[in-house]
Each structure stands twice: as structure tokens, then as C-alpha cells.
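The values are calculated or read from the model by the stated rules, or taken from the named source; none is laboratory data. Note that the coordinates shown come from a computational prediction; the quantities given were computed from them, not determined experimentally. Every residue, glycine as well, gets a Cβ built from its backbone with ideal geometry; the counts of neighbours run over all protein chains shown. Protein only, heavy atoms only, side chains kept; ligands, DNA and RNA dropped before computing areas. Shrake-Rupley method; radii C 1.70, N 1.55, O 1.52, S 1.80 Å.
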Amino acid sequence: YFVSAPIDGVVERILVQPNQIVRTDQVLILLEETELRARLSVTDSTVAAAVAELSRAQQRAFTDLRSKADLQLLQAKLDEKRTERDYAAARLGWAKIRAPADGISIYNDPTDWVGRPVSVGERIMTVADPAEVRLDVWIPAGDAVSLPPRARVLFFQNVAPEAPVEAEL
């Protein structure tokens with residue numbers, strides 16, 4: 001499973017070490033929240049202002065027909081401001097990137113990521129299921145050979161060359 005940035009932001013901290021076991025929904029990565037919190041605060045204020053404006057119009061509507069006509073417009077503005085606030089709150093929640101499944105975190109040095117800007121969809125790490133080991137092999141074009149799909153192969157690890165691992169393409 002790829003763990004990607006759900007929003008544009010800056011990596012504040014990675015909470016797990018490379019090759020650490022992680023559980024589903026565990027927070028793995030924190031993105032910087034300052035701007036997101038400020039945006040949520042602003043939208044909270046605009047909702048409060050819209051609620052107050054609607055409330056005043058409702059009170060005036062008992063005696064002023066023009067205020068009564070404005071009620072639907074003010075209610076629509078309030079609904080819009082609430083939607084903006086809910087979206088800002090959701091974005092703040094997305095700043096905590098969680099594990100999509102149980103597995104092992106796979107990425108390079110955490111210090112490479114701290115302070116680094118990321119874009120929506122940019123892969124930060126992978127959470128791998130230890131029961132489903134996968135190996136990516138890059139072969140220079142000059143050394144490439146044609147192999148049939150699902151061919152059986154042997155992988156000789158540098159750490160244990162006497163114990164090859166069987167695999168399937």
C-alpha cells in the first residue's frame with residue numbers, strides 16, 4: 001500500500017521508523033498544521049458571523065417584510081460558510097496521515113522528509129504486508145532478456161547467498 005500526501009503541505013515529522021511494524025489507522029506522518037488551523041479559525045469566525053446575521057434578520061422579520069425576504073439568502077450564506085468550515089476541518093484531519101493497513105513501513109531516512117514540501121498524491125512511504133514480499137528489479141536495457149509471465153525465478157540475497165528465495169514474475 002502506498003502512503004501518499006492527501007493534501008499539499010510540508011512534512012513536520014514521521015512518527016515511525018523504517019521497517020517498523022504498523023497497524024491500520026496508526027498515524028504515520030504529520031504534515032505542518034499552522035496554515036490549516038488558521039484557515040479553520042477563519043472559517044469558524046465566518047460561520048459565527050453568518051449565524052449572528054441570520055439571527056438578527058429572523059428577529060427583524062417579525063416586523064420588516066424586506067428582512068423576511070432576506071432570510072433564504074442568509075440561510076444559504078450560512079450553509080455555504082458551514083461547508084467551508086467543514087472542509088477546513090477535514091483538511092486539518094488529513095494532516096495526520098494514517099496507515100492504510102497492517103504491515104511494515106518502508107521508506108528511506110526520516111530526516112530526508114522533515115521540512116520537505118509534498119504535493120497531493122506524492123508517495124512518502126509504503127506499508128508492505130510481510131506475507132506478500134515483492135521485489136522490484138531494474139535491469140539495464142543491454143542485459144534484458146525475455147521472460148514469460150509468471151515464470152519461476154530464484155533470488156540470491158547478498159546477506160544469504162546460500163539460501164535463494166523462490167519467486168514468480
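Could you grab me the full set of residues in the range 99-117 that are at pLDDT below 90 and in a loop (DSSP other than H, G, I, E, B)?
Asn108, Asp109
Which is within 28 Å of the chain's Cα centre (by Cα) and either in a strand (DSSP E or B) or at negative phi (or both), of Val153, Val159, Val145, Val120?
Values: Val153 fails: within 28 Å of the chain's Cα centre (by Cα); Val159 fails: within 28 Å of the chain's Cα centre (by Cα); Val145 fails: within 28 Å of the chain's Cα centre (by Cα).
Of Val153, Val159, Val145, Val120, the one residue that is within 28 Å of the chain's Cα centre (by Cα) and either in a strand (DSSP E or B) or at negative phi (or both) is Val120.
Please go through the range 91-128 and pick out each residue that is in contact with a Pro (Cβ under 8 Å, 6 or more places away or on another chain) and exposed (fewer than 13 other Cβ atoms within 10 Å of the Cβ).
Across the range 91-128, the qualifying residues are Asn108, Asp109, Val120.
Being basic (Lys, Arg) and either farther than 19 Å from Leu36 by Cα or free of Cβ contacts under 8 Å to residues at least 40 places away in the same chain (or both) is the filter here, so list the residues in the range 82-113 that pass it. Give the derivation first.
Residues of the range 82-113 basic (Lys, Arg): 82, 85, 91, 96, 98.
The one that is basic (Lys, Arg) and either farther than 19 Å from Leu36 by Cα or free of Cβ contacts under 8 Å to residues at least 40 places away in the same chain (or both): Arg82.
May I ask you to say which residue of Asp44, Asp79, Asp70 is out of contact with any Pro (no Cβ under 7 Å at 6 or more places or on another chain), free of Cβ contacts under 8 Å to residues at least 60 places away in the same chain, in a helix (DSSP H, G or I) and within 30 Å of Glu12 (Cβ to Cβ)? Please lay out each step first, then the result.
Numbers: Asp79 fails: within 30 Å of Glu12 (Cβ to Cβ); Asp70 fails: within 30 Å of Glu12 (Cβ to Cβ).
Just a single option satisfies the conditions, and that option is Asp44.
If Ala88 meets every condition in (1) part of a helix (DSSP H, G or I); (2) open to solvent by 60 Å² or more (accessible area, probe 1.4 Å) apart from one, which number is that one?
Failing condition for Ala88: (2).
Looking at the range 147-160 only, could you name the residues that are more than 25 Å from Thr126 (Cα to Cα) and modelled with pLDDT under 85?
Within the range 147-160, just Leu147 meets the criteria.
Taking the range 32-47 as the region of interest, how many residues are open to solvent by less than 60 Å² (accessible area, probe 1.4 Å) and out of contact with any helix residue (DSSP H, G or I) (no Cβ under 8 Å at 6 or more places or on another chain)? Reasoning before the result, please.
Taking the range 32-47 and keeping what is open to solvent by less than 60 Å² (accessible area, probe 1.4 Å), we get 33, 36, 38, 40, 43, 46-47.
If we keep only those that are out of contact with any helix residue (DSSP H, G or I) (no Cβ under 8 Å at 6 or more places or on another chain) as well, we get 38.
Residues meeting the conditions: 1.
Among (1) closer than 21 Å to Ile106 by Cα; (2) outside any loop (DSSP other than H, G, I, E, B), where does Thr24 come up short?
Here Thr24 meets the rest and fails (2).
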